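Undergrad: If you scroll down you'll find the structure; I have some questions about it.
The values are calculated or read from the model by the stated rules, or taken from the named source; none is laboratory data. Bear in mind that the values here come from a model prediction, so they are computed numbers and not experimental data. Because the Cβ atoms are built from the backbone with ideal geometry, glycine has one as well, and the counts that use them run over all protein chains shown. In case anyone asks, the SASA skips ligands and DNA or RNA and just uses the protein heavy atoms, side chains included. Shrake-Rupley method; radii C 1.70, N 1.55, O 1.52, S 1.80 Å.
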Amino acid sequence: MAATGTKCQHISNNAPRDICELDAEKRKAGVDVAKKWLDGAAILGAKSMRVNSGGPRIAPAAVATSDYPKNDQLAVYLANCIESFKQMADYGSKVGVKVTLENHWGLTANPINIRIIVDEVGSPFCEASPDFCNWEHEYLLYNGLKDLAPYAHTNVHAKYWNRWKPDQSVRRSVKIMMDAGFTGTFALEYEEGPWDGVEGSKYLYKEVLAAL
């Protein structure tokens, strides 16, 4: 959670985990929980709230057919996720809090899936909340971020994670966001590396400021 003054800007919410599940009752329960969190976020004065897409931890893969690979299972999860986020965005518009998707696991490991969901929801109360490091391979570090940058307006996770050392450049990631016209909050997130939490946060603070 990034804070300015006495009000928080963004809440990361991992509670609703069934947003795209195949079971309709589970999806409804997940959306209902998210609505309660949106109420809480509004009380705190947050501008946005992140919700996990849910579903399988690894997104379904395409299967071979007689002419071209097809991924009907992924399409079902995407359809469920889109419908759930439509409901959450509609509710968020009433309480004044956006719902966001972070590149994480499952459906959202692929930035294109996030773009699909946001585009299909088609609401200013549904957007992306990119994370600098949550990628499945190094080629997404900057290319994936470029895909998500135009879809982010409120919050981004400026993260350092030595999983990608020496390839990761916080400054380069910040520049990608700025080039896309981002004017929201950079939430500092030190995952793991050569420093303790305090020194790691200081490093991120300096790197973000240097790139602005």
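Undergrad: Give the shape of segment 104-153 as rounded, prolate or oblate, defined through the alpha-carbon gyration tensor: a ≥ b ≥ c are the square roots of its eigenvalues, a/c under 1.5 means rounded, and otherwise the shape is prolate if a/b is larger than b/c and oblate if not.
TA: On the way: a/c = 2.27, a/b = 1.71, b/c = 1.33.
Prolate, since a/c reaches 1.5 and a/b exceeds b/c.
Undergrad: Report the FRET efficiency, 1/(1 + (r/R0)^6), for VAL95 and ALA180, where r is their Cβ-Cβ distance and R0 is 30 Å, rounded to 0.05.
TA: Numbers: r = 27 Å, r/R0 = 0.91.
Once rounded, the FRET efficiency stands at 0.65.
Undergrad: While we're looking at this one, here's another question. Using R₀ = 30 Å, calculate the FRET efficiency as 1/(1 + (r/R₀)^6) where r is the Cβ-Cβ separation of LEU22 and ASP67; round to 0.05.
TA: Numbers: r = 27 Å, r/R0 = 0.89.
About 0.65, to the nearest 0.05.
Undergrad: Quick one: with all protein chains in place, what share of the accessible area of the chain is carbon or sulfur, to the nearest percent (1.4 Å probe)?
TA: Details: 5480 of 10640 Å².
Result for the chain: 52 percent of the exposed heavy-atom area is carbon or sulfur.
Undergrad: So, one more: Could you check the spin-label model distance between LEU44 and SER201? Points 7 Å from the Cα along Cα→Cβ, value in nm.
TA: Result: 1.5 nm between the two label points.
Undergrad: Also: Does segment 44-156 come out rounded, prolate or oblate, given a ≥ b ≥ c as the square roots of the eigenvalues of its C-alpha gyration tensor, rounded meaning a/c under 1.5 and, failing that, prolate meaning a/b above b/c?
TA: oblate
Undergrad: Loop only by DSSP, 13 or fewer other Cβ within 10 Å of the Cβ. Give me the GluC sites (Glu not before Pro) in segment 65-155 that pass, ordered by residue number. Before the final figure, lay out each step's value.
TA: Numbers: sites: GLU83, GLU102, GLU120, GLU127, GLU136, GLU138; in loops: GLU102, GLU136, GLU138.
Loop-located and lightly packed - GLU136, GLU138.
Undergrad: Turning to a different aspect of this structure: Kindly give Rg over Rh for segment 44-105, based on alpha-carbon atoms, with the Kirkwood expression for the hydrodynamic radius.
TA: Numbers: Rg = 15.4 Å, Rh = 13.6 Å.
Ratio of gyration radius to Kirkwood radius for segment 44-105: 1.13.
Undergrad: LYS165 to ILE116: FRET efficiency via 1/(1 + (r/R0)^6), r the Cβ-Cβ distance, R0 30 Å, to the nearest 0.05? Don't skip to the end; give the middle numbers.
TA: Values: r = 31 Å, r/R0 = 1.04.
Efficiency, rounded to the nearest 0.05: 0.45.
Undergrad: Still on this structure: For the chain, what does the helix formula give at 222 nm: sum of -39500 (n - 2.57) over DSSP H segments with n ≥ 4, over the residue count, nearest 500 deg cm²/dmol? It would help to have the intermediate numbers written out before the result.
TA: Values: 6 runs with 90 residues, N = 212.
The helix-only estimate for the chain comes to -14000 deg cm²/dmol at 222 nm.
Undergrad: Taking a probe of 1.4 Å, how large is the accessible area per residue of the chain, in Å²?
TA: Values: 10640 Å² over 212 residues.
That works out to 50 Å² for each residue.
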